[in-house]
Amino acid sequence: MKMKKRHQQKLVVLAVVLFLLWNVPFVTIFDVDFQILGFPAFYVFIFLSWLVSSIVAYSILKKFYE
């Protein structure tokens, strides 16, 4: 099975967005002395963005296999 171009493009866009989100200039925004539910904002940002990207990738790949 060959993946359609639009699915490939969506996954590439997701990878680029993650690269930009986890790059130093953007990550330093969340490197502050602030806590969310007892966790540093930096860790919350990293794990929430990872979780959201995993869900988005799963939904893209699920559409591919349908």
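Just to be sure I understand: with springs between alpha-carbon atoms less than 10 Å apart, which residue in ILE36, ILE55, ILE46 has the highest mean-square fluctuation in the Gaussian network model of the chain? Highest fluctuation among the options: ILE36. The trypsin sites (Lys or Arg not before Pro) of the chain meeting both criteria, a DSSP state outside H, G, I, E and B (loop) and at most 12 other C-beta atoms within 10 angstrom of the site's C-beta, are LYS2, LYS4. Summing charges over neighbours of PHE42, with a neighbour being any other residue whose Cβ is under 14 Å away from its Cβ, gives -2 when K and R count +1 and D and E count -1. Its alpha carbons give the chain an Rg and a Dmax of 15.0, 49 Å.
Considering only LEU18, LEU51, LEU37, the Gaussian network model of the chain with Cα springs below 10 Å gives its largest mean-square fluctuation to LEU37.
Coordinate-derived values only; no laboratory data. Note that this is a predicted model, so its numbers are computed, not measured. Because the Cβ atoms are built from the backbone with ideal geometry, glycine has one as well, and the counts that use them run over all protein chains shown.
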